[in-house]
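Q: One structure is given below, represented as structure tokens, and several questions about it will come after.
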Ligand code: AFP
């Protein structure tokens, strides 16, 4: 960044974009929580907590801490109200306020926690919903904003409040400073990020990946959805896939916690996200544990995926 350029922090950006006041406050407070999470990551306690999350996965102490930091901030901060709160680390929806609040929040506090011990980038996903979390409506109608934070060599935050998709970097003074306004995916890119064991892919998905490889797409896969998706978005194109598997027909990734927030962000950047047939944002979340096959990235690759997956 040019030294003489005025730095725009997240709060100022939200105000300048006319984001509704309560929504603005929620985003700003989640960003503050992410700062603390990035600090505790530096203390590098990579031990298991000895507990399991609602999906039966072993939790790290960091998973539990990140979850507490987010939940406590949203529960006790009084400048806005949160109706419901759901976390990938807990098995039920918590009602944080009974005052008929406008927004509810879903969090995946530390996505990719199996990468913590090898010091690869990990992240946090947030979805901010109008009304209840399981409202019987598609994500497209209920998601007011979404964000993710990447804890890598830099801590970066990408958000959309349906006002484009924007990236901020946590600077040494503890401020999230605008680094890229209106991130935009090109119509197509040159990288692919294929999740799931190849031996468990179904034939139509395998044929699509063969196509990408024959076209010369380069493989980029870390095993962390936040950094893998962020790479596609930051490089301006390409495709991330986590398909249906022979052992798991709905794939691995969770609709509410990971896929719909990411879909809002990628659509805000001009890209697409689908389950192979329908847009991810057109799906109706019916349960916290709901999963779906997932294809996200630039338009041409995602449309091509859809063509392969719906071929007779
Ligand atoms: P962990 O949180 O257990 O590391 O899982 C991460 C994740 O949910 C998502 O971030 C990755 O894209 C995906 O799993 C990777 O799954 P594979 O290990 O099957 O590649």
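Q: For a protection proxy built on the mean count of beta-carbon atoms within 10 angstrom, sort 183-191, 83-91 highest first, please.
A: Highest mean packing first, the order is 83-91, 183-191.
Q: As an exercise, use a Förster radius of 30 Å and the Cβ-Cβ distance of residue 40 and residue 135 to find the FRET efficiency, rounded to the nearest 0.05.
A: Working from the Cβ atoms, E equals 0.35.
Q: Continuing with the same structure: Could you calculate the FRET efficiency of residue 221 with residue 277 from 1/(1 + (r/R0)^6), where r is the beta carbon distance between them and R0 is 25 Å, rounded to 0.05? Don't skip to the end; give the middle numbers.
A: On the way: r = 24 Å, r/R0 = 0.94.
Once the sixth-power term is evaluated, E becomes 0.60.
Q: While we're on this one: Could you work out the pair-distance distribution P(r) of the stretch 1-92 from its alpha-carbon pairs, with 10 angstrom bin width and percents rounded to whole numbers?
A: 14, 35, 31, 16, 4, 0
Q: Name the residues of the stretch 176-213 whose amide N is less than 18 Å from a point 7 angstrom out from the Cα of residue 235 along the C-beta direction?
A: Correct set: 183-196, 209-213.
Q: From the P(r) of the stretch 191-309, could you give the percentage of C-alpha pairs in the tail past 19 Å?
A: 39 percent
Q: Arrange 124, 78, 51 by Cβ neighbour counts within 10 Å, fewest through most, would you?
A: Exposure proxy ranking, most exposed first: 78, 51, 124.
Q: Using the Cα gyration tensor of the stretch 205-270, with a ≥ b ≥ c the square roots of its eigenvalues, what is the shape: rounded (a/c below 1.5), prolate (a/b larger than b/c) or oblate (neither)?
A: It comes out oblate by the Cα gyration axes.
Q: May I ask you to compute the full-extension gain from residue 180 to residue 300, defined as 0.36 nm times their residue separation minus their alpha-carbon distance, rounded to one decimal in nm? Let's see the in-between values first.
A: Values: separation 120, 0.36 × 120 = 43.20 nm, distance 2.33 nm.
Going from the current span to full extension adds 40.9 nm.
Q: Let me ask something else about it. Over the chain, what is the mean sequence separation of C-alpha contacts under 8 Å (at least six apart), divided by residue count, expressed as relative contact order in percent?
A: Numbers: 676 pairs, mean separation 48.6, N = 312.
Averaging sequence separation for qualifying contacts and normalising by length gives 16 percent for the chain.
Q: Let me ask another. Find the relative contact order for the stretch 211-280 and round it to a whole percent, using C-alpha pairs within less than 8 Å whose residues are 6+ positions apart. Spell out each step's value before the answer.
A: Numbers: 33 pairs, mean separation 10.9, N = 70.
In percent, rounded to a whole number, it is 16.
Q: To continue, here is another question. Taking 22 Å as R0, compute the FRET efficiency from the Cβ-Cβ separation of residue 51 and residue 77 and round it to 0.05.
A: Once the sixth-power term is evaluated, E becomes 0.25.
Q: Sorted from fewest to most neighbouring beta carbons within 10 Å, what does the list 264, 143, 283, 197 look like? Each step should come with its number before you reach the end.
A: Values: 264 27, 143 24, 283 21, 197 9.
Going from sparsest to densest Cβ surroundings: 197, 283, 143, 264.
Q: So how far apart, in nm, are the two label points at residue 154 and residue 307 if each is 7 Å from Cα heading toward Cβ?
A: A separation of 3.6 nm, rounded to one decimal place.
Q: Compute the orientation-averaged projected area for the stretch 10-180 from the convex hull of its Cα atoms and round it to one decimal in nm².
A: Computing the convex hull of the Cα atoms and averaging its projections yields 10.0 nm².
Q: Further, regarding this structure: Counting only C-alpha contacts under 8 Å and six or more residues apart, can you give the relative contact order of the stretch 191-309 as a whole percent?
A: Result for the stretch 191-309 is 31 percent.
Q: So, in nm, how far is label residue 119 from label residue 95 when the simple model puts each one 7 Å beyond its Cα toward the Cβ?
A: Distance between label points: 4.8 nm.
Q: When the Kirkwood hydrodynamic radius is evaluated over all pairs of different C-alpha atoms of the chain, what value in angstrom, to one decimal, is obtained?
A: In the chain this quantity evaluates to 19.6 Å.
Bear in mind that the values in this text are calculations on the coordinates, not laboratory data. Because the structure is predicted, anything quoted here is derived from the model rather than measured. Cβ atoms come from the backbone with ideal geometry, glycine included; neighbour counts cover every protein chain shown.
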